[in-house]
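Trainee: One structure follows; several queries about it will come next.
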Amino acid sequence: MGSRTAPDNRSIDGDALLGRVVALCHELKAEDVVSLDVDGLVDYMDHLVICTGRSPRQNRAIAEHVITQLKREAGVLPLSRAGLDAGSWVCVDLVDVVLHVFEPETRAHYDLELLWADAQRTEHAAPAAAPAPLDDVAST
């Protein structure tokens, strides 16, 4: 069995990684983004991030975006990834944070939030869109 220790060369800690994973999910329009703080419940991860995509294609795109950007920005490589072929449930293990991207029906079926009901739950709303500049607004 492999070690679950994050490499020493990472330039990001667990809480910053959580924030970045959430932001990257929102960049590709993930819905219902939730994090579960499991730090006091298990010793092999700190957070679960659960989100919904509307299709297997979107789910794969969200997961691949997270993987690509974290590698580029902080040298973070996933310990494992699963489900990229089918796409109805994609799991990316980033050691401190484990990302689950589901289709709505699959998320409801497995209900990880209920399974981890003892964890502190945080809902992450999508960032508000920036208002259009005034000179772009049509005058009446």
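The values are calculated or read from the model by the stated rules, or taken from the named source; none is laboratory data. Keep in mind that this is a model prediction, so the values were computed, not measured. As a convention, Cβ positions derive from the backbone with ideal geometry for all residues, glycine included, and neighbour counts pool all protein chains shown.
Trainee: For the range 66-73, does any single residue satisfy the condition of being surrounded by 15 or more Cβ atoms within 10 Å (Cβ to Cβ) and hydroxyl-bearing (Ser, Thr, Tyr)?
Mentor: No, the range 66-73 contains no residue that is surrounded by 15 or more Cβ atoms within 10 Å (Cβ to Cβ) and hydroxyl-bearing (Ser, Thr, Tyr).
Trainee: I would also like to ask the following. Which residues, counting only those in the range 97-136, are of a type in the set (Ser, Thr, Tyr) and modelled with pLDDT under 95?
Mentor: none
Trainee: Which helices (runs of 4 or more DSSP H) sit wholly inside the range 22-140 and have at least 2 residues that are of a type in the set (D, E, K, R) and either touching a Ser or Thr at 6+ places or on another chain (Cβ under 9 Å) or free of Cβ contacts under 8 Å to residues at least 12 places away in the same chain (or both)?
Mentor: 56-74, 104-110
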